[in-house]
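Q: Quick one: the structure is below, questions incoming.
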């Protein structure tokens with residue numbers, strides 16, 4: 001924890017943002033929803049985040065046995081890498097996961113391999129350590145649109161593909177609070193100005209699909225939440241305007257990727273185009289020294305976004321070639 005950086009932030013309606021301290025402070029969060037002495041934890045961070053989450057629960061006066069659910073928006077390891085370890089500290093909780101993600105929690109071997117392919121073995125070891133498998137009897141797999149019982153009421157679950165096929169969001173209608181994982185983009189507090197939150201979509205590998213993501217963002221806006229709680233990072237409001245911005249950006253970055261020809265250096269060229277685009281948006285948003293700020297705050301995300309766009313382009317180009325051969 002850096003000096004002056006809050007380990008957690010309490011909001012209205014029983015919501016707390018806990019800094020997972022993944023990668024850097026203010027980069028990834030875990031959220032706690034408390035009601036009538038019961039709690040839901042949304043996402044788990046990495047293994048290194050688990051002591052921070054349990055410390056926050058204790059400070060909030062929430063007993064480990066009072067946590068009913070550990071809701072995972074998806075199983076990318078900055079969201080779910082610590083789920084198995086955290087579950088060991090929450091004796092009554094069950095993990096709420098999209099059915100596509102559940103097998104990777106029971107046996108994380110393929111998930112580990114896929115993450116190593118993106119980050120490399122050394123970075124994987126430093127960021128995540130050894131993943132703890134989750135017993136199948138402690139998993140609850142979801143259906144789109146179902147209601148999850150909680151503290152005498154219900155929370156709504158919606159499947160929101162586009163960032164990943166196994167992505168879902170949690171909506172507390174009574175509080176107008178929606179927990180979006182990565183579907184509703186990234187918005188780091190360092191980039192806030194008097195014009196509000198600066199938000200960008202995330203197109204990380206390997207399942208980015210722009211049409212599905214566009215539709216999932218639209219669906220979130222139509223639910224009408226007063227606040228959206230992002231894993232990266234924390235609470236944003238003005239949801240309709242942010243959703244409109246995200247849809248515009250999804251279309252634009254897809255166009256930028258399509259305009260980049262295949263061949264050596266394709267990823268680097270896409271990354272450069274993304275950087276130029278986001279620097280221009282940052283300047284228009286009133287961010288001081290926008291190029292340096294984008295590099296410092298969004299640099300790691302730009303690298304992953306470029307990888308995701310290349311993976312999507314190669315997948316769609318392969319599908320197009322296959323369709324031609326069938327004619």
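Q: Listing 156, 245, 125 from the residue with the fewest other Cβ atoms within 10 Å to the one with the most, what is the order?
A: Fewest-to-most Cβ neighbours within 10 Å comes out as 125, 156, 245.
Q: In µm²/s, what is D for segment 1-141 at 20 °C and 1.002 mPa s, where D = kT/(6 pi eta Rh) by Stokes-Einstein and Rh is the Kirkwood radius from Cα pairs?
A: Here the translational diffusion coefficient equals 142 µm²/s.
Q: Next up: I need the shape label for segment 170-217. Rule: rounded when a/c is under 1.5, else prolate if a/b > b/c, else oblate, with a, b, c from the alpha carbon gyration tensor.
A: Cα axes put segment 170-217 in the oblate bin.
Q: For a quick check: sort 98, 74, 159 by the number of other beta carbons within 10 angstrom, fewest at the front.
A: With the sparsest Cβ surroundings first, the list reads 159, 98, 74.
Q: Taking the alpha-carbon set of segment 246-320, what are its Rg and Dmax in Å?
A: 12.9, 43
Q: Principal axis extents for the chain, Cα atoms only, whole Å, descending order, please.
A: Extents along the principal axes: 55, 49, 40 Å.
Q: Rounded to the nearest 500, what is the chain's calculated 222 nm mean residue ellipticity when only DSSP H runs of at least 4 contribute -39500 (n - 2.57) each, over all residues?
A: Using -39500 (n - 2.57) per qualifying helix, the result is -13000 deg cm²/dmol.
Q: Right, here's the next one. Residue 174 to residue 146: extension gain in nm, 0.36 nm per residue of separation minus the Cα-Cα distance?
A: 8.5 nm
Q: Give the angle, between 0 and 90 degrees and rounded to the nearest 10, that separates the Cα long axis of helix 290-326 from the longest principal axis of the Cα atoms of the chain.
A: Around 70 degrees separate the two axes.
Q: Right, here's the next one. Subtract the Cα-Cα distance of residue 292 and residue 223 from 0.36 nm times their separation in residues, and report this length gain in nm to one decimal.
A: Extending this stretch completely gives an extra 21.2 nm.
We did not get these values from a lab; they are worked out from the coordinates using the rules stated. Computed from a predicted model, the values in this text were never measured in an experiment. We place every Cβ from the backbone using ideal geometry, glycine too, and count neighbours over all the protein chains shown.
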